[in-house]
């Protein structure tokens, strides 16, 4: 159980005051605000009822935000203030998750900079950005819980939190893809560093992951087709939406660098065998960079992994003390 420090609570309350004074707001993005009606829950439930079963590409994200409209309506709350306050709480939860992963590696007093970084970054976010950051941060915690410490979650809790994380990243096809690709890369690296002596539990989780991806694949295809339609079926246009714009502009510089990185894979695997915990953030860093080529939000959604990697690398001598299941 992570105890909240007084300085952490103070920072949280200061930010909350900014929200209550409407100095900072997390705006509900157009895909949602253009569909739902403020202070009319009956109308919003009717909207959801009408699009159920239609294959609407925004259904999951509409269901994700619907409770904010319903609660603010029934309790007569200001929707923007209520929405922003809850999202501030979600950001704080992301920080607590990072603290829980790093508690045996980094002194707590140094982790306060993570909270400050999150809150400064959030000033440049709308409401949409917070959900995938939370979903991917929760995924990191679940993988850490299963592979690096004695399992503290039973199967039901694990599955419940997993689908909560998956639902949170559904606000974007790109962030949804980052989530799935992270799982694939994580298990792949786990297998590669353990060959030829592969543990049975790795195989079990690999099978579980594979079946899960098969079940989720139809939703992912809907997202991809939606994006292709939006960008006139142009792969190049999709790249221009994210970090891919730099890939196009500096192709002749980036391509040799990628070739060098591929050649270094055996050395990287040897390094990961020594510091196994680095696989956790590295998997999401790779995934967010690949999918980030098509959208900046996809890249930003992996921000917690970057923070974890920095802290772990600086304190890598302590990584061996973390129990590996």
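What the table shows:
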quantity: Gyration tensor (alpha-carbon) shape descriptor, segment 39-113, a/c threshold 1.5; calculated: oblate
quantity: Per principal axis, descending, Cα span of segment 42-184 in whole Å; calculated: 50, 32, 26
quantity: Sorted by Cβ density within 10 Å, fewest first, the residues 187, 306; calculated: 306, 187
quantity: Inter-label distance for residue 116 and residue 7, nm, one decimal - labels placed 7 Å from Cα along Cα-to-Cβ; calculated: 0.8 nm
quantity: Whether segment 77-158 is rounded, prolate or oblate, judged on the alpha carbon gyration tensor where a/c under 1.5 counts as rounded; calculated: oblate
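Each reported figure results from applying straightforward, stated rules to the coordinates on display, with no laboratory input. It should be emphasised that the depicted structure is a prediction, and the values quoted were computed from it without experimental measurement. Note that each Cβ is placed from the backbone with ideal geometry, even for glycine, and that neighbours are counted across all protein chains shown.
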